[in-house]
Amino acid sequence: MRTTITLDDRLFTQLKRRAAESGTSVSREVEEAVRLRMRTPAPESYTEPFELITFGAGGRFSRHNVDKASALLEIDDVERHARRE
């Protein structure tokens, strides 16, 4: 299969030099590099556990009903765009 890739100029120069030294083509070098990369297992993404820190002894933390997104948007619009007289 043919494809087009974009490489940094210095990287391409190094790639051409390596291909010439090993008597292969740039395409073969790229193919081998991709094959090696595909054999390497993908790193597991690590995320630190998230802990929500709260204060107080229970109860509601907001006076707004967070289950109603449209109501929250309306409240936000009113607070942001209320006319000042």
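The values are calculated or read from the model by the stated rules, or taken from the named source; none is laboratory data. Because the structure is a prediction, the values reported are computed rather than measured. Every residue, glycine among them, receives a Cβ derived from its backbone with ideal geometry; neighbour counts consider all protein chains shown. For the accessible areas, the whole protein counts, side chains as well, though only heavy atoms, and no ligand, DNA or RNA atoms are used. Shrake-Rupley method; radii C 1.70, N 1.55, O 1.52, S 1.80 Å.
Here is how the numbers come out for the structure above:
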{"read-out": "Solvent-accessible area of residue 32 with every protein chain in place, 1.4 Å probe, in Å² to the nearest 10", "value": "80"}
{"read-out": "Sulfur and carbon atoms: percent of accessible area, region 1-55 [1.4 Å]", "value": "54"}
{"read-out": "Separation in nanometres of the label points that stand 7 Å from Cα toward Cβ, at residue 75 and residue 13", "value": "6.1"}
{"read-out": "Accessible surface ranking that places the most exposed of 27, 45 first, with a 1.4 angstrom probe", "value": "45, 27"}
{"read-out": "Qualifying trypsin sites (Lys or Arg not before Pro) in region 1-36, DSSP loop, other Cβ atoms within 10 Å at most 16", "value": "2"}
{"read-out": "Residues listed by number, region 1-23, amide nitrogen under 19 Å from residue 31 label point at 7 Å toward C-beta", "value": "1-6, 15-23"}
{"read-out": "Accessible area, probe 1.4 Å, largest first, for residues 3, 40", "value": "3, 40"}
{"read-out": "In Å², nearest 10: area of residue 78 left accessible to a 1.4 Å probe", "value": "90"}
